[in-house]
1. Taking only protein heavy atoms and a 1.4 Å probe, what accessible area per residue, in Å², does segment 91-170 have with all protein chains in place?
2. Order Ser80, Ser12 by their accessible area, 1.4 angstrom probe, all chains in place, largest first.
3. What whole-number distance in Å separates the alpha-carbon centres of segment 156-184 and segment 70-90?
4. Run the reach check for Lys162 against lysines, Cα to Cα strictly under 16 Å, same-chain hits fewer than 8 apart removed. What comes back?
5. Mind checking the full-extension length gain between Lys175 and His114? Use 0.36 nm per residue of separation minus the Cα-Cα distance, one decimal, nm.
6. Gain in length, Lys78 to Lys28, computed as 0.36 nm per residue apart minus the alpha-carbon separation, to one decimal in nm?
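The values are calculated or read from the model by the stated rules, or taken from the named source; none is laboratory data. None of these values were measured; they are calculated from a predicted model. In case anyone asks, the SASA skips ligands and DNA or RNA and just uses the protein heavy atoms, side chains included. Shrake-Rupley method; radii C 1.70, N 1.55, O 1.52, S 1.80 Å.
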Amino acid sequence: MPRPALVKDVLSYQTKAFTTLKTILEEKGISYDDVCLLEGASDSPARPPATTTHLELDSGDSDTASISSTRTLTLAQKASRNRLSRVARTALSLLLVGKSILDHSPLDHQFSMHLKDSVEFTNICTHMALQTDDRRFDQDLNLAQQCLAAIITNMTWDTDNKTCDFCETVRERLKHILQKLNED
């Protein structure tokens, strides 16, 4: 098993990235239904509750306010906001799986968690937060999505070589997370 310190470092960087994404969501006017990030979020070790990953557009005080605010967005901006929400939901889901691995992993099974990938994801999110140009923001958002997909793919590949009930649960959850990340 990777040293607990390494897993904690990976989770720490992923938490920083998620916090940055959450700030970006707020700046873009997208509210996040903040239930519980890592503590007590799930009875099942690898599956977060449905409300934990709920992201939606802020509806404002009235229906007319939300309709007029969404009408001022271009199609590209709406797509970017949707993708940003998807990346944030994926980052949270990945955090929950990583926390589950840390808490419930059998001692005789090792999981490959690459600190470099999580550092890169955090750096991309930080760079994305600094962007004022929509085009560059979308480029960073694309890189963040690709980096998340690589992290999930590597973790899924690692669990394919293991035979335990916990590993199978983690593998299925990771495959589901990757599928949701890549949905259009």
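1. I get 49 Å² per residue for this part.
2. Output order, biggest surface exposure first: Ser12, Ser80.
3. 26 Å
4. Lys162 reaches Lys175.
5. That pair, Lys175 and His114, stretches by 20.2 nm at full extension.
6. Using 0.36 nm per residue and subtracting the Cα-Cα distance, I get 16.9 nm.
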